[in-house]
Amino acid sequence: MNTTAFALYMLVFFALPIPILAWFDRPRARSDVEEE
Amino acid sequence: MYSAHFAAGMALKARVPRAPTWGLLVGVALLDLLFGPFVLFGIERASLTPGVSPGFSLDYIDWSHSLLMSLVWSVAFGLLFLRAGREVAMVMGLAVFSHFGLDFIMHPADMALWPGSDIHVGLGLWKKLPGGWWWVELAVVAAFLNYYLARAKRDRSFGGRAWAVVITIVILHLLNAPWISALQ
């Protein structure tokens, strides 16, 4: 891995979890709660 | 640190549920989101050190990670959220600055006080505990996520899938383990 690849790796490594975690953190919809 | 930044973001969300989650997560990651492009454009420098913990050397990170610039980024990011209220703006700024605080524990003395300063700070757990730092970070992650889970149980305005958040952050921490990471 060279420095450019390292910089891109760090960028993706830090950016990718953001939408995933934000999506999981959303409040549950009323329909989801009723299903349970 | 890596996963602990995201865990800190979720703990801040639990503290101020009105703050947007995406904003907090961008905040806690901001210094490293800046670091990547800064290296690509030659503003900052890093080199790889295969076999030597943590697998890379941050040779010049004064514009993304120095104490002064961390404060500048924190204030600038917080101001972007001023319309959402003072509390939200403050927690956004704190999210950004938490990155410096957590990195201070791990980084060897590579974080300058200000760009160009000769004084660099960092406790250096990455170097002092080549395998042990991962467990220290796990303890920090556990503390933050414990707080997040406890608050999410009581407040239904966030944490709809709180356990998925916890599992995701634990997976991120595993991916960053010295015996797995692509950087080692």
Taking the Cα centre of the protein assembly as shown as the origin, how large is its charge dipole in debye, to the nearest 20, when only Lys and Arg (+1) and Asp and Glu (-1) carry charge on their Cβ atoms? 680 debye
Tell me, what is the FRET efficiency for residue B:171 and residue B:118 to the nearest 0.05, using R0 = 41 angstrom and their Cβ-Cβ distance as r? 0.55
Connecting every pair of Cα atoms under 10 Å apart in chain B and solving the GNM, the largest mean-square fluctuation among B:12, B:145, B:123 falls on B:123
Decide, for the range B:1-147, between rounded, prolate and oblate: order the square roots of the alpha carbon gyration tensor eigenvalues as a ≥ b ≥ c, take rounded if a/c falls under 1.5, and otherwise choose prolate if a/b is larger than b/c, else oblate. oblate
In terms of the charge dipole of the range B:81-173, which places +1 on Lys and Arg and -1 on Asp and Glu at the beta carbon, the residue among B:92, B:122, B:164 farthest towards the positive end is B:164
Taking trypsin sites (Lys or Arg not before Pro) as exposed when DSSP calls them loop (any state but H, G, I, E, B) and at most 14 other Cβ atoms lie within 10 Å, what is the longest stretch of chain B free of them, the sites themselves excluded? B:19-155
Point-charge dipole on Cβ atoms (K/R +1, D/E -1) for chain B, about Cα centre, debye to 20: 960 debye
For the protein assembly as shown, calculated [θ]222 nm from helices alone, where every DSSP H run of n ≥ 4 adds -39500 (n - 2.57): -20000 deg cm²/dmol
For the range B:109-169, I need the span (max minus min coordinate) of the C-alpha atoms along each principal axis, in Å, sorted largest to smallest. 48, 28, 15
Listed residue (B:65, B:143, B:5) projecting farthest to the positive dipole end of the protein assembly as shown, Cβ model: B:143
Using all Cα-Cα distances in the protein assembly as shown, what percent lands in each 5 angstrom bin from 0 up to the longest? 1, 7, 15, 19, 20, 16, 11, 6, 3, 1, 1, 0, 0
Honestly the range B:1-82 on the Cα gyration tensor test (a ≥ b ≥ c root eigenvalues; a/c under 1.5 rounded, otherwise a/b vs b/c for prolate or oblate) is just oblate
For the range B:104-184, state which chymotrypsin sites (Phe, Trp or Tyr not before Pro) are in a DSSP loop and have at most 16 other beta carbons lying within 10 Å of their beta carbon. B:179
Go ahead and run the numbers for FRET between residue B:179 and residue B:18, Cβ-Cβ distance against an R0 of 30 Å, rounding to 0.05. 0.15
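None of the figures in this text is laboratory data; all of them are computed from the coordinates on show. Predicted model, so just to flag it, every value in this text is computed and none were measured. Glycine also receives a Cβ, built like all others from the backbone with ideal geometry; neighbour counts cover every protein chain displayed.
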